[in-house]
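Presented below is the structure to which this report refers.
Derivation of every value follows stated rules applied to the coordinates shown; laboratory data play no part. All values reported here derive from a predicted model rather than from experimental measurement. So basically every Cβ, Gly included, is an ideal-geometry build from the backbone, and we count neighbours across all protein chains shown.
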Amino acid sequence: MNLKTQEQQIGLALIGLGALWFLTTVIGGDSGWLWIAAIAAAFGVAYSRTRNAGFAVPCGILAGIAVGVLLEALLPFEGSAFLLGLAGGFYAVKTLEPKIHRWAIYPASILAAIAILIFVTQNALLIALVLVGAGAYLLTRNRSATKSVTVINPLEQRRAALEKWRSNLAKLTDKDKSEILSDAQLEALVNAPTATLEDLHDTLSSDQIARYGNQVLEVLRSAA
C-alpha cells in the first residue's frame, strides 16, 4: 500500500469519525449506539474486503448490540428489546457465514426466547387485554356474519334461474325473450309445481314443450 493510498484511507476515516461525532452531538442523550454501530461497520468493511470469517463475529454481535441499545431507548420494553437486538446480531453472524458459524443460531435462539419471556412477564396485563380483545372481535365478527346471511326465497331462485336461461337462449338464437317464454308463462312456471313434461302443458304450447321442455325442467330442478 503506497503513501497516497494510506493518506486517502486516513482521510476517509477522519471524515467518518467527524461525521459520527457531529451526529452524536446533535442527537445527544442516548446516542452511544452510534459508536457501537460504527465499530460494527468497520468490522463489516473488513469482512467484505477480506472475506475473513473471523470479522463476521464482531460485526454481527456489535451490530446486534447497537440495535438493542437503540430499541431500548425507543421502546418501553426494558431488557427484552436489547436481548432481541442481540439475538438478531448472532443470527446475522450465522447468516453471513452459515457453514463456519452454524453455532451462532443457538445463542440467537436462546436470547430470543429469553427476550420473549421477559416481554411476556413484564407485559402480562397488556397481553391479556390483547387476547381478550382479539377473542371479542372474532365473536362479534362471527355474530355479524351470521346475522348478515340472507335467506333466499325459493321462488326467487326459480325466477332468477328461468330468467337467466331465457336471456342466454335468446342471445344464442337471436330471438326476443318473449318468443321463447312470455313473462306470464315464466311467472306461471315459477309458481306452479312442475316435475314432468306433462305438467308443462298447462303453461306452455306443444311447440314450446317440444323445443324447450327438457331444458325448462332441468333449470327448475337445478334451482330447487
**OP:** Could you list W103, W165, W35 in order of exposure, starting from the residue whose Cβ has the fewest other Cβ atoms within 10 Å?
**Re:** W103, W35, W165
**OP:** Provide the net charge surrounding L172, with neighbours chosen by a C-beta distance below 14 Å and charges set as Lys +1, Arg +1, Asp -1, Glu -1.
**Re:** +3
Subject >> Under Karplus coefficients 6.51, -1.76 and 1.60, residue-wise ³J(HN,Hα) of segment 202-216 in Hz, glycine/proline x >> reply: 6, 10, 10, 6, 4, 5, 5, 5, 5, 7, 10, x, 5, 5, 4
Original post:
Got a sec? How would K177, K94 order by Cβ neighbour count within 10 Å, fewest to most?
Top reply: K177, K94
Subject >> Integer Hz, Karplus 6.51/-1.76/1.60 couplings in order for segment 87-93, x for Gly and Pro >> reply: 4, x, x, 5, 5, 5, 4
**OP:** Rounded, prolate or oblate: pick one for segment 41-163, where a ≥ b ≥ c are the square roots of the eigenvalues of its C-alpha gyration tensor, a/c under 1.5 means rounded, and failing that, prolate if a/b is larger than b/c, else oblate.
**Re:** prolate
**OP:** Sort T95, T194 so that the residue with the fewest other Cβ atoms within 10 Å of its own Cβ comes first and the one with the most comes last.
**Re:** T95, T194
